[in-house]
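Take a look at the structure set out below.
The values are calculated or read from the model by the stated rules, or taken from the named source; none is laboratory data. These numbers were taken from a predicted model, which means no experiment stands behind them. Methodologically, a virtual Cβ is constructed for each residue, glycine included, from the backbone with ideal geometry; neighbour enumeration extends over all protein chains shown.
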Amino acid sequence: MKKSFFTIITLTLLFAMLMPFFSSVNVEARTFPQTSTTDPIKPWTITFNEAVLNDQENLKRIYVQTVDNKKIEISIKLSADLKKVIVLPENQYIFSGTYTLVIPKGFKSSQGQETTEDTSKTFKIEGRYIEDVTATVNPLLTNIIVNGTDDIANVEVSINNANAVKLIPNGTHFSKGFQGLLKGDRLIIRVYDKDNNSLETQAYNVN
């Protein structure tokens, strides 16, 4: 009997899933339950029991997409034994965004076996301290609003990699108005405790 090719998709050090991946028989598409992560640059490690085909065309079959089916830029690395594929975003995942990692039909092992169906895992980016972000374009003044836990004492926002600007605190609510913001402008939000220790960094796009 031809040996199946298995994969483990590792979400955290404490969570992994095992499933048949490459097989000589047709199998239905595999969709794992949705999970969440607070890491905006979360690496995904896919571990196989056989080496994958180390070919750019093959590796580029793996992709991550948004809920509206837009593929995001990712980097893919291989372990020395070619049994682990590490997938990372080129830029931070967007806070509150939902993404799907896909290992598609036709992905190959070094022995030429191929996946017969797509395998996917959907995940959402959440905050550990940041609970909500609002930044909706207004032609007069766009308010950036960050709500979080009471651990947060200060919030800074960098717009399109410009210098960081502090938001005005009001309890666990932080906000400030900005002129000239456009839809799609990228925000990097950094939150700090009362001793100015960094608590969390998240990315967000003006909408």
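When residues in region 131-169 are screened for being over 23 Å from ASN197 (Cα atoms) and β-branched (Val, Ile, Thr), 4 of them pass. Scanning region 150-163 for residues that are of a type in the set (D, E, K, R) and either at pLDDT below 95 or not in a strand (DSSP E or B) (or both) returns ASP150, ASP151.
Across region 26-45, the number of residues qualifying as touching a strand residue (DSSP E or B) at 6+ places or on another chain (Cβ under 9 Å) and over 30 Å from LEU199 (Cβ atoms) comes to 4.
Residues in region 167-207 that are over 23 Å from GLY97 (Cβ atoms) and of a type in the set (Lys, Arg): 1 in all. Among the conditions (1) at pLDDT below 95; (2) of a type in the set (Lys, Arg); (3) over 23 Å from VAL67 (Cβ atoms), the only one that LYS166 does not satisfy is (1).
Scanning region 117-141 for residues that are out of contact with any Asp or Glu (no Cβ under 9 Å at 6 or more places or on another chain), of a type outside the set (A, V, I, L, M, F, W, C) and touching a residue at least 60 places away in the same chain (Cβ under 8 Å) turns up ASP118, THR119, SER120, LYS121, THR122, LYS124, GLU126, THR136.
Only one of the numbered conditions (1) at pLDDT below 95; (2) more than 26 Å from GLN202 (Cα to Cα) is violated by LEU101, and that is (2).
Yes/no matrix, rows are residues, columns are (1) surrounded by 11 or more Cβ atoms within 10 Å (Cβ to Cβ); (2) without any contact (Cβ under 8 Å) to a residue 60 or more places away in the chain; (3) of a type outside the set (S, T, N, Q):
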{"residue": "ARG30", "(1), (2), (3)": "yes, no, yes"}
{"residue": "THR37", "(1), (2), (3)": "yes, no, no"}
{"residue": "THR45", "(1), (2), (3)": "yes, yes, no"}
{"residue": "GLN56", "(1), (2), (3)": "no, yes, no"}
{"residue": "ILE62", "(1), (2), (3)": "yes, yes, yes"}
{"residue": "VAL67", "(1), (2), (3)": "yes, yes, yes"}
{"residue": "SER79", "(1), (2), (3)": "yes, yes, no"}
{"residue": "GLU90", "(1), (2), (3)": "no, yes, yes"}
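LYS108 passes every criterion in (1) under 25 Å from THR35 (Cβ atoms); (2) assigned by TED's automatic domain parsing to the domain that holds ASP55 apart from (1).
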